[in-house]
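Contents: one structure, followed by commentary.
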Amino acid sequence: RPLAVMGPQVGYYLPQVLMEMDLHGPGIDARGAAFPGVSMYVLLGRGTDYAWSATSAGSDNTDTFAEVLCGGDRHHYKYKGKCRPMDKLVRKLSWTPNSIDTTPAGKAKLTSYRTVHGIVTSYGTVNGKKVAFTTARTTYFHEPDSIVGFMRFNRPGSVKNAKTFQKAASKIQFTFNWAYSDAKKTSFYLSGAYPQRAQGTSPDFPLMGTGKYDGVDFDPKSFTMKTLAFDDHPHTTNQPVMVSWNNKVAKDWASADGQWGFGPFYRSDLIEDKLLDAVAGGNKVDMTQMVQAMEESATQDI
C-alpha cells in the first residue's frame, strides 16, 4: 500500500505565505493549503480518497529575444519587416508604514516597455546592432488558465486514479513537479507549458526577435504557441521509490537557463538513498521510517 510524505516546503514568513483551506460543495471536496487572497481552490492537499502536492521544477518555459531597435530610439523594434512601437506600461505605487514594515511612507512610478515577445529587461548590442532583450514566458497573459487543473484536483469526480490525476496536472501551465497518492498507486507528472521552439535554435541562447525564430505557431495577438504534448512531459506511476526535492526532473530533461545546481549529486539523494536502502530486498517501510528519512535529510549537509 502506498505511503506518502508530502510538504510543501516553504520559507518562513509573517504573515505566512500559505493558509489552510477547506472546500466542500456540489462536486467539490478538498482540504489543504492555498495562497491567501489569490486561490480559488485548494492548491496542495487531499480529496476524498487521494492526496497531492508539489515541488518547484525549474524547467524551461522562458526564452530571451533580442529585438533589433529601429526608429532612432530605444522604444521601436523590427518585427516581421515593420518598425513597431513598444507598449509603454506605467504603474504608480505608494506605501505606508505598519507594525511589521516600518519603512517610511513613499511613492514611486514604474515604467516598463513591452514587445510582442514580452517585457524589456535590458539593452545591448548583437553583432554591432542595438537590441532590446525581452523575456518571453509561455504563461504571460495566461496566468489564470491554470485554474482548470486546480479545479480538477478539487473535484473527486475528475480525479479518480493516477491517470486522471496526470490529466488534471497537465492543465497547469506553471512548471511544477506534481506528486499523487491514493490507496493503490502513486504517480508523478511534470506540469508546464513548454514552447516548441523554432528549428535550429537553442534554448540556451537569445533568439533574434525579427519573427523568423518565434516558437511554432506563435500568435502575438493571443500570446499562444504550440507547446509540448501531454505524453512528452516526464511522468511515472508506481515507481518503487519516488523523491522530489526540487531536483532534476528526469534523465535527459533540460532545466531552465538559470539553473546551475543540477549535477551528479543533489540534496534529494539524501532522502532517496535512505528509502532505497529501506525497500532493498522487497522490504516494506512504515510511515515512521518515511518521516525519519525526510527529517534526517532536512538537517544533513550533502
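The values are calculated or read from the model by the stated rules, or taken from the named source; none is laboratory data. Computed from a predicted model, the values in this text were never measured in an experiment. Note: ideal-geometry Cβ built from the backbone for every residue, glycine included; neighbour counts use all protein chains shown. The protein model used for the area step is the full one, side chains on, heavy atoms only, and it has no ligands, DNA or RNA in it. Shrake-Rupley method; radii C 1.70, N 1.55, O 1.52, S 1.80 Å.
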Fill in the blank from the handout: Summed over the other residues with a beta carbon less than 11 angstrom from that of Asp182, with K and R at +1 and D and E at -1, the charge totals +4
Practice task
Provide the packing ranking of 44-53, 214-223, i.e. peptides ordered by the mean count of other C-beta atoms within 10 Å per residue, highest first.
Solution key: 44-53, 214-223
Fill in the blank from the handout: Whole-Å distance linking the alpha carbon centroid of the stretch 199-228 with that of the stretch 266-302 is 42 Å
Practice task
Could you state the angle between the C-alpha long axis of helix 268-279 and the longest principal axis of the C-alpha atoms of the chain, as a value from 0 to 90 degrees rounded to the nearest 10?
Solution key: 20 degrees
Handout entry: Heavy atoms of Leu3: accessible area, 1.4 Å probe, square angstrom to 10
Key = 60 Å²
Fill in the blank from the handout: To the nearest Å², the heavy-atom accessible area per residue of the chain with 1.4 Å probe amounts to 60 Å²
Practice task
On the protein heavy atoms, probe 1.4 angstrom, tell me the percent of accessible surface of the chain carried by carbon and sulfur.
Solution key: 54 percent
Completion exercise
Note on the stretch 242-302: contact order normalised by length, alpha-carbon pairs under 8 Å, 6 or more apart, percent, works out to 36 percent
Exercise for the section: Could you tell me what percent of the DSSP beta bridges with both partners in the chain are antiparallel, to the nearest 5? Expected result: 95 percent
Exercise for the section: Please calculate the 1.4 Å probe accessible area of Trp253, with all protein chains present, and give it to the nearest 10 Å². Expected result: 50 Å²
Completion exercise
Calculating Cα extents along the principal axes in Å from this structure picks out, from (1) 61, 44, 32; (2) 70, 43, 36; (3) 70, 52, 45, entry (3)
Handout entry: Environment charge of Lys167, counting only residues whose C-beta is closer than 13 Å and scoring Lys/Arg +1, Asp/Glu -1
Key = +4
Exercise for the section: As a check on your grasp of the helix formula, calculate [θ] at 222 nm for the chain: sum -39500 (n - 2.57) over DSSP H runs of n ≥ 4, divide by the residue count, round to the nearest 500. Expected result: -4000 deg cm²/dmol
Practice task
Would you give the gap between the C-alpha center of the stretch 90-150 and the C-alpha center of the stretch 164-190, rounded to a whole Å?
Solution key: 30 Å
Exercise for the section: Specify whether the C-alpha gyration tensor of the stretch 153-302 places it in the rounded, prolate or oblate class, a ≥ b ≥ c being the square roots of the eigenvalues: rounded for a/c under 1.5, otherwise prolate if a/b is larger than b/c and oblate if not. Expected result: oblate
Fill in the blank from the handout: Cβ-Cβ cut-off under 14 Å around Ala34, Lys and Arg +1, Asp and Glu -1: the net charge is 0
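Multiply the residue gap between Lys109 and Val291 by 0.36 nm, knock off their C-alpha separation, and tell me the result in nm, one decimal place. All intermediate terms of the calculation are to be shown ahead of the outcome.
Details: separation 182, 0.36 × 182 = 65.52 nm, distance 4.86 nm.
Stretched out fully, the Lys109 to Val291 stretch lengthens by 60.7 nm.
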